[in-house]
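A short worksheet on the structure shown next.
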Amino acid sequence: MHREKRNIYSCRGITDTWDLHFQEKSYPLYDILLQNMIYTHDADPNRVYLLGFSAGGDGVYQILPRMADRFAAGNMSSGHPNGVSLLNLANCPISIQAGIRDYYSRSAKRSVRAAEFEKTLTGYSKYYDLGYEHKVLIHETY
């Protein structure tokens, strides 16, 4: 049986601050990282996925819409969108996951934002009559 070799790389960001995924200087860094993986490690540019949990989920919300042409899909888990627009995800599938009790404060309930994005992305798909493939999962905990 042949096993495909897979390398997984991650990058914290250009700063070590809470808003590192909001820094405009970060996006060229991510672009260069992707280019280097394609050239030096023969990564398939059509099979690059962005995954993040918690602060990494914040990053998925920020990076994926800004660089949608660079990713095959993204998975955001337990992040906060911080006012991001998902309008640019017409051709980039996204999975959004949050726990039913996942929140920082009453105004920052991640599960509520995820449910709102379900409606938003479905609305975009109907309005523009294309894409916006998505799956939103709100996990119950006991």
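Quick notes
- Filter result for ILE100 (surrounded by 12 or more Cβ atoms within 10 Å (Cβ to Cβ), within 20 Å of LEU137 (Cα to Cα) and out of contact with any Leu (no Cβ under 8 Å at 6 or more places or on another chain)): yes
- Cβ-Cβ under 6 Å pairs, at least 6 apart or on other chains, segment 31-52 side under 19 Å from CYS92 (Cα atoms), far side among the aromatic types (Phe, Trp, Tyr) and not in a helix (DSSP H, G or I): VAL48/PHE71; LEU50/PHE71
- Test: residue in segment 76-86 that is under 19 Å from ILE138 (Cβ atoms), among the β-branched types (Val, Ile, Thr), outside any helix (DSSP H, G or I) and at pLDDT 95 or above: no
- Residue count for segment 34-66, restricted to those that are surrounded by fewer than 16 Cβ atoms within 10 Å (Cβ to Cβ), among the small types (Gly, Ala, Ser) and under 22 Å from GLU24 (Cβ atoms): 1.
- Residue that is in contact with a helix residue (DSSP H, G or I) (Cβ under 8 Å, 6 or more places away or on another chain), in contact (Cβ under 8 Å) with a residue 24 or more places away in the chain and over 22 Å from LYS25 (Cα atoms), where the choices are GLY74, GLY79, GLY99: GLY99
- Qualifying residue in segment 72-80 (condition: more than 19 Å from ASN46 (Cβ to Cβ), surrounded by fewer than 19 Cβ atoms within 10 Å (Cβ to Cβ) and either of a type outside the set (A, V, I, L, M, F, W, C) or more than 13 Å from the chain's Cα centre (by Cα) (or both)): no
The values are calculated or read from the model by the stated rules, or taken from the named source; none is laboratory data. These figures come from a predicted structure and were not determined experimentally. Because the Cβ atoms are built from the backbone with ideal geometry, glycine has one as well, and the counts that use them run over all protein chains shown.
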